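First up is the structure itself, then whatever we jot down about it.
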Amino acid sequence: MSPARVGVDVGGTFTDVILHEADGRVRVHKLLSTPPTYDRAVVEAISGLAGRSASNGGVSEVVHGTTVATNAVLQRLGAETALLTTRHFRDVLELRRLRIPHMYDLFWRKPPPLVERRLRFEVTERMAADGTVVEPLDENDVRTVAARLREIGIDSVAVCFLHSYLYPEHEQRAGAILAEGLPGATVSLSSEILREQREYERSATTVVNAYVRPLMASYIDRIRTGLDGIGLDAAPLAIMQSSGGVMTSDDAKVRPVFALESGPAAGVVAALGMADLLGIGNAIAFDMGGTTAKASLIEHGAISRGREYEVGGSISAGNRLIRGAGELLRIPTIDIAEVGAGGGSIAWLDPAGGLQVGPRSAGADPGPACYGRGGAEPTVTDANVVLGFIPAGEVADGQITIDRELAEAAVERIASPLGLTLLEAADGIHRIANARMTRALRSVSSEKGRDPREFAIIAYGGSGPVHAGGLADELGATTILVPPVAGLFSAVGLLFARPEFHEVRSCHLDVDAVEPAGVASLFEEMESVLLRAFEGRPAPEWARTADLRYGGQSWEIEVPLPDGAVDREALAALRERFEDEHEVLYGVRGRPGSPVEIRAVRLAALGLSAASPSFDMPDPLVRERRPTRQMWLGGDVAEVPVRSRVSIGAEPVSGPLLVDEYDTTVVVPAGWSVRRHEGTGTLVLETEAAHG
């Protein structure tokens, strides 16, 4: 039997750990995160849960998903970073793109760049697009900059030269000089982070990598030291990527930008695994935690993927229509839309007396008022306690005790100024939070030409199953799936993840005129590079895609290349797939014979999947479960049944009712029913329309 594996997911409020034993058993542990030293909770949680396995030398791997790098960008807590550019390209980072997130806001300002202008330096060098050296690299310029940065005490440097995505020689030499002159600093080269055309995208992505690199390296080193200290020195540490695969901790220390959305990505991977077990091809993964809510599309049994992501706007997403307010990342990523609405999101009144929710969160310290840890401001969790959706008493492993009186006192701060009853104010907070989260769900579905009524909602996270019913009604969805240990579901996804590496090559080819051998040679070049990452491992699976656009367009659509040889038939099928997707996204198809260009080809190497843990788990609820509880029903309060997951069978049970669990509560609204899937333990909520 193989040894145990551990998945640990760090969120803004809770740290979740799941251990999959060699005999198939699954054990879980949930505890408060410990900001700003998140690694302390990680090591503490693993030590408590994996103690027996650790003493037997039976933990084979620790897989970690974290939002530490993301939080550093959002809160501007990264390293002081410098940027080295080709002369006359110093302000590319500040000019950004001609895209604003609020069309009619005449007072909107671009966010300040992560690198101030005083720390953006130009050097003499110039490569032409065909590789011709227009101006040689002036190495004395680079040495002068290195000396200046040494005086300032810079921790990290990003380097982005013109056309280095194809011709990296100048960048590589500049990087060597900087490394020699700045031995204590990290150096990130755009040719090592993103070998792809477009100056702003390369600059922005490389700068974010440099900005979080010292912080992430220190964080990973502290976790490694902590694991060694509890007897897990033989267990490798893997880090989840935003693409849904894992990389080694050493890779993550060099290219942390690829791990910026690792926690949310793990949840989508778990949702895909569960949908596959249930035979469901189309679903929306919905994750609501303590700080944010995330949504992602699963279509035809596959995760929706993207190549761009923006962190820091009112909604972080892969949708160009709402970009401009955050930091752009051009990396392989699962297409996730994220809004600042979680259980810890604070409710407040604007100057006009309007009720608002988020994006500011109470986090883990002090947390919602009902946690009794010093918080006083009302949060979504406090509102849900007042509405009866969440019970008073101990949560998870008893680290927190929810106090209803404290929740009522906090919500009263909203109710009194507005002249509302306590229940009306709490209902308003709940509904406004739902409205914010609906943006994320629509961003990955209807805004991309998909009808959300044709998709099941997979609800997880500590607050996801509480809000899923209201969101499904808003979208017209008729099925909700709630997996076991829904509050720790992202940690489950870490155990599904497999090693994953990506390469890309920019090009400019006419899909109808290019020789297939020319396209095939690009894939062969990338394959030879990726195979080095799998030395000593089983041969990987390959996923080939290409970025295509109609001639004259500015943006591309990524579509998969058919399996088999790259020949004329494969390229014709590639064109057809592009035109089909263009019609789905934009409602229009090019005229027959319209030129179609290949702007980039991409190759992903996918390692073997780890053994999947069972979803069917015993009921671990430790607190006493009362048979009924008063719950808000949208206009009145009623006494409704309270059940456990294991008490629900294959026959549907009509709502309204509540299912209290170890890590969350499942709210089954009126007009819905719930049944338990025997094979996986998943709760299946359905409307009368779904039954019909």
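Here are a few things to note about the model shown:
- Relative contact order (%) - the chain, alpha-carbon pairs under 8 angstrom, separation at least six: 12 percent
- Pairwise Cα inverse-distance average, inverted: Kirkwood Rh of the stretch 421-519 (Å): 17.2 Å
- As an equivalent ellipsoid, the stretch 164-208 spans semi-axes of 20, 12, 6 angstrom, where each value is the square root of five times an eigenvalue of the C-alpha gyration tensor, largest first.
- Percent of beta bridges antiparallel (DSSP, the stretch 82-200, rounded to nearest 5): 15 percent
- Whole-number percent relative contact order across the stretch 49-176, with pairs defined as alpha carbons under 8 Å at least 6 apart: 29 percent
- Across the stretch 1-51, Cα-Cα pairs farther apart than 18 Å form 28% of the total.
- When nucleic acids and ligands are ignored and a 1.4 Å probe is applied, Val133 ends up with an accessible area of around 80 Å².
- Length available on full extension from Ser446 to Glu688: 0.36 nm per residue minus the Cα-Cα distance, which gives 84.8 nm.
- Cut-off under 5 Å, modelled amide H: who pairs with Ile458 long-range: Ile284, Ala285, Phe286, Leu481
- The heavy atoms of Glu569 present about 130 square angstrom of accessible area, all protein chains included, probe 1.4 Å.
- Leu106 accessible area, assembled protein chains, probe 1.4 Å, Å²: 150 Å²
- Legend: P(r) of the stretch 528-615 from all alpha carbon pair distances, 10 Å bins from 0, whole percents, reading 14, 38, 25, 17, 6, 0.
- Once backbone amide H atoms are built at 1.01 Å from N, Glu80 has Asp155 as its partners under 5 Å, excluding neighbours fewer than 5 places away on the same chain.
- Only beta bridges with both residues in the chain are counted; by DSSP, about 75 percent of them are antiparallel.
- Isotropic mean projected area of the C-alpha convex hull, the stretch 324-477 (nm²): 11.0 nm²
- Convex hull volume of the stretch 242-382 per residue (C-alpha atoms, cubic angstrom): 151 Å³
- Cβ-based net charge around Ala376, under 15 Å, with every Lys or Arg adding one and every Asp or Glu removing one: -4
- Net charge contributed by nearby residues that have their C-beta within less than 12 Å of Thr438 (K/R +1, D/E -1): +1
- Inter-part distance where the stretch 646-692 and the stretch 395-458 are each reduced to a Cα centre, Å: 20 Å
- Placed amide H near Phe121: partners under 5 Å, 5+ positions off or other chain: Leu83, Leu84, Thr85
- Note on the stretch 154-283: semi-axes of the ellipsoid equivalent to its C-alpha gyration tensor, largest first and rounded to whole Å, are 31, 23, 10.
- Pairwise inverse Cα distances across the stretch 120-204, averaged and inverted, put the Kirkwood hydrodynamic radius at 13.0 Å.
- Centroid-to-centroid separation of the stretch 356-385 and the stretch 516-551 [C-alpha atoms, Å]: 48 Å
- Per-selection Kirkwood Rh - the stretch 375-416 (Cα, Å, 1 d.p.): 10.4 Å
- Radius of gyration (Cα atoms) of the stretch 188-264, expressed as a multiple of 2.2 N^0.38 Å: 1.21.
- Principal semi-axes in Å for the chain [√(5λ), Cα gyration tensor, largest first]: 42, 28, 26
- Proximal lysines to Lys253, defined as alpha-carbon separation beneath 30 angstrom and excluding residues fewer than eight positions away on the same chain: Lys30, Lys110, Lys294
The values are calculated or read from the model by the stated rules, or taken from the named source; none is laboratory data. Note that this is a predicted model, so its numbers are computed, not measured. Heads up, the Cβs are rebuilt from the backbone with ideal geometry, glycines too, and the neighbour counts pull from every protein chain shown. Heads up: the accessible areas ignore ligands, DNA and RNA and are worked out on the full protein's heavy atoms, side chains in. Shrake-Rupley method; radii C 1.70, N 1.55, O 1.52, S 1.80 Å.
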